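Notes follow once the structure below has been shown.
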Amino acid sequence: MVWKSKNSQIADVDKNGKIKARKAGSTKICATVEGKEIYCNVKVKKVQYTLSSNQIRLYIGQSKKIKVKTNASKKNLK
């Protein structure tokens, strides 16, 4: 089996079929098996971050914790 990316600048694939996202965009991953090509469409999205609040009003002595949110799952962020 041979693996190949149609655009390795977007996503690359190693000899074991593990895909690595490089930058936002779309590409196809191709596996060649017994002379047949099989394709997988891959869409890579840019990770976006936002804060849990965009405006907070506090009085002297008060505090509030805000969090960073992302469009990616935590297990995929390294």
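Quick notes on this structure:
- Positive dipole terminus of the chain, leading residue within S52, S8, S63 (C-beta point charges): S63
- Within the listed set N41, N54, N16, the Gaussian network model of the chain (springs between alpha-carbon atoms below 10 Å) gives the highest mean-square fluctuation for N54.
- Summary value for the chain: 22 percent relative contact order, contacts being C-alpha pairs under 8 angstrom separated by 6+ residues.
- Values [x] 5.0; [y] 7.0; [z] 9.8 are given for comparison; mean projected area of the Cα convex hull in nm², derived from the coordinates here, is the one labelled [y].
- Sorting I38, I10 from the fewest to the most surrounding beta carbons within 10 angstrom yields I38, I10.
- Rounded to the nearest whole Hz, the Karplus-based 3J(HN,Hα) values (6.51 cos²θ - 1.76 cosθ + 1.60, θ = phi - 60°) of the stretch 22-36 follow the sequence 10, 7, 4, x, 10, 7, 10, 9, 10, 10, 9, 10, 6, x, 9, with x at glycine and proline.
- Measuring between alpha carbons in the structure, the pairs from K15/K43; K15/K67; K6/K46; K4/K46; K43/K64 lying more than 28 angstrom apart are K15/K67; K43/K64.
No lab work stands behind these numbers, since they all come straight from the coordinates. Fair warning: this is a prediction, and the values are worked out from it, not measured in the lab. Please note: Cβ atoms are built from the backbone with ideal geometry, for glycine as well, and neighbour counts cover all protein chains shown.
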